[in-house]
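Report on the following structure.
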Amino acid sequence: MNARGRIPGIRNQHQVLFYALSTCIWCKRTREFLEANNIAFDFVYVDLLSGTEREAVVEQVRRWNPSVSFPTLVIDGCRAIIGYRPEEIQEALGL
């Protein structure tokens, strides 16, 4: 499993950044929801990073989610959705 990547999708009007843990069931469900709805997104599996790269990403997550819990979804650099919240994701992306 890659620590970082981009998933293409036909719904690419929004910049979606998905912070997750590779072992988290709610992260897995959120990713499945994004893919099932053909949403383009970038992902970072924080637990697969190490050293200063991991520290830097944790600080990025902390800006949006002070408790640093997962999944954390950042939409257009201005809105964060914390946890598995398909209805909020639909509303934020206009699905």
**OP:** Consider only pairs whose beta carbons are under 9 Å apart and that are at least six residues apart or on different chains; among these, list those whose first residue lies in segment 38-51 and is within 13 Å of residue 21 (Cα to Cα) and modelled with pLDDT of 95 or more and whose second residue is among the polar types (S, T, N, Q) and not in a loop (DSSP other than H, G, I, E, B).
**Re:** 44/60
Original post:
What about residue 5, is it at pLDDT 95 or above, part of a strand (DSSP E or B) and either touching a strand residue (DSSP E or B) at 6+ places or on another chain (Cβ under 9 Å) or among the aliphatic types (A, V, I, L, M) (or both)?
Top reply: yes
Original post:
Being within 24 Å of residue 94 (Cβ to Cβ) and within 9 Å of the chain's Cα centre (by Cα), is that true of even one residue in segment 56-71?
Top reply: yes
Original post:
Which residues, counting only those in segment 8-47, are surrounded by 15 or more Cβ atoms within 10 Å (Cβ to Cβ), among the hydrophobic types (A, V, I, L, M, F, W, C) and part of a helix (DSSP H, G or I)?
Top reply: 26, 27, 33, 34, 46
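If I go through segment 81-95 residue by residue, how many of them are in a helix (DSSP H, G or I), touching a helix residue (DSSP H, G or I) at 6+ places or on another chain (Cβ under 7 Å) and surrounded by fewer than 18 Cβ atoms within 10 Å (Cβ to Cβ)?
First, pick out the residues of segment 81-95 that are in a helix (DSSP H, G or I): 86-93.
Cutting the leftovers down to touching a helix residue (DSSP H, G or I) at 6+ places or on another chain (Cβ under 7 Å) gives us 86, 89.
The next check asks that each one be surrounded by fewer than 18 Cβ atoms within 10 Å (Cβ to Cβ); those that pass are 86.
Residues that pass the stated criteria total 1.
The values are calculated or read from the model by the stated rules, or taken from the named source; none is laboratory data. Only a predicted model underlies this, so the values are computations on that prediction, with no experimental measurement involved. Methodologically, a virtual Cβ is constructed for each residue, glycine included, from the backbone with ideal geometry; neighbour enumeration extends over all protein chains shown.
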